[in-house]
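Engineer: What follows is a single structure, and I will ask about it in a moment.
The values are calculated or read from the model by the stated rules, or taken from the named source; none is laboratory data. Because the structure is predicted, anything quoted here is derived from the model rather than measured. All Cβ positions, glycine included, derive from the backbone under ideal geometry; neighbour counts span all protein chains shown. SASA here: full protein model, heavy atoms, side chains in, ligands and nucleic acids out. Shrake-Rupley method; radii C 1.70, N 1.55, O 1.52, S 1.80 Å.
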Amino acid sequence: MQEIAIATTHYHPADLFPPKPLILIITLLVFAFFLAGCASLAPYRQQKILSAEEIQDIMAEAKAQEEMVSEFWFTGQLSIDGWIIDRSADILIAGIKDPLTIKMEINHSWGKPLFYLLIRDGRLSIIDFMEKRRYDGEFTSANLSRFLPEMDCSPDMIWSFLRGYPIYPGVSDIFEERGGVLILKGADKKTLGVITLSTLKEIEEVALFSPGSPVMVFNDFNMAGDISYAINTLLEDKKEERDMTLKRKKVVFNKEIPDEIFTLKPMPAFETVTLDEKY
């Protein structure tokens, strides 16, 4: 009996795939397509948006703003976590730039006084209504940091924080790190601050750094005529997990403030503490 040959198909898996050179080409094309897709989805802010002239204009505007305000007062809300009181309270602050004169009144929302502070003629006076004490002494960082965040207590930086507009002392270099994000460097190449702009090239937030001090943040900027100011200013001590935020509601610039505002009424029933001797 004659055997009948049965047709068979020999299965070679390699036959199902293109040659190796073609695999390489396809892989590269897919990878290139993937990268193109990622690029199209990348946020606009990755693209630098400022010219060198525009960066210098921002610094020039900061200098101009620094000179625009000689005095101010505002009402608003103070939120404190870890300093003085762990709650929110109403606040009134009035200030004169030269010489630095500051009056701060912190009250419960229903009007009960909590904490009053006065800086005048190089002296610091504080009335703590909770402790029923009055403190008096030289205006120094050490004396002030007993009550408020330990920070750069130079007159310029205190004025900047309370007036609501950043100043940039010690900056020797500024550049756009990525779209709308400017980095401020000192002569020692350390980062002194970060300015974040909107896509319309307007300042959204400024964060300033100083060794041993909380981060100072300015955000939600508004205009009062030609005067720019941040509605919110924040001192954030990440190490100690403490912060203090000023939120401005009504703000008045360059209107003469009566001298009697910059006084503290005597509190005869309160204990008097001399800061220069005790601390």
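Engineer: State in Å² the accessible area per residue of the stretch 194-279; use a 1.4 Å probe, count heavy atoms of protein chains only, and round to the nearest integer.
Structural biologist: Values: 5270 Å² over 86 residues.
In whole numbers, the stretch 194-279 has 61 Å² accessible per residue.
Engineer: Can you give the local net charge around LYS189? Use residues other than it whose beta-carbon is closer than 15 angstrom to its beta-carbon, Lys and Arg +1, Asp and Glu -1.
Structural biologist: Net of charged neighbours comes to -1.
Engineer: First compute the accessible area of the stretch 49-186 with a 1.4 Å probe, then give the percent of it belonging to carbon and sulfur atoms.
Structural biologist: Carbon with sulfur: 48 percent of the solvent-accessible area.
Engineer: Sticking with this one: If a/c stays under 1.5 just call it rounded; otherwise compare a/b with b/c (prolate if a/b is bigger, oblate if not). Do that for the stretch 179-220, with a ≥ b ≥ c from the square roots of the Cα gyration tensor eigenvalues. Write down the numbers at each step before the final one.
Structural biologist: On the way: a/c = 4.56, a/b = 1.57, b/c = 2.91.
Oblate.
Engineer: Decide, for the stretch 215-279, between rounded, prolate and oblate: order the square roots of the alpha carbon gyration tensor eigenvalues as a ≥ b ≥ c, take rounded if a/c falls under 1.5, and otherwise choose prolate if a/b is larger than b/c, else oblate.
Structural biologist: oblate
Engineer: Under a plain spin-label model, where a point goes 7 Å from the Cα along Cα-to-Cβ, how far apart in nm are GLU138 and LYS190?
Structural biologist: Calculated label separation equals 2.5 nm.
Engineer: If you take every residue apart from ASP57 with its C-beta less than 14 Å away from the C-beta of ASP57, what net charge results, scoring Lys and Arg +1 and Asp and Glu -1? Could you put the intermediate results ahead of the total?
Structural biologist: Numbers: positive: LYS63, LYS201; negative: GLU53, GLU54, GLU61, GLU176, GLU202.
Combined, the nearby Lys, Arg, Asp and Glu give -3.
Engineer: So which of LYS132/LYS265; LYS185/LYS249; LYS190/LYS247; LYS112/LYS132; LYS201/LYS255; LYS201/LYS250 end up more than 21 Å apart, counting from Cα to Cα?
Structural biologist: Among LYS132/LYS265; LYS185/LYS249; LYS190/LYS247; LYS112/LYS132; LYS201/LYS255; LYS201/LYS250, the Cα-Cα distance tops 21 Å for LYS185/LYS249; LYS190/LYS247; LYS201/LYS255; LYS201/LYS250.
Engineer: So for the pair HIS108, ARG146, with labels modelled 7 Å out along Cα→Cβ, what separation do we get in nm?
Structural biologist: In this crude label model, HIS108 to ARG146 measures out at 2.6 nm.
Engineer: By its C-alpha gyration tensor, with a ≥ b ≥ c as the square roots of the eigenvalues, how is the stretch 138-226 shaped: rounded for a/c under 1.5, else prolate for a/b larger than b/c, else oblate? Don't jump to the answer; show the numbers that get you there.
Structural biologist: Details: a/c = 2.47, a/b = 1.44, b/c = 1.71.
Here the stretch 138-226 falls in the oblate category.
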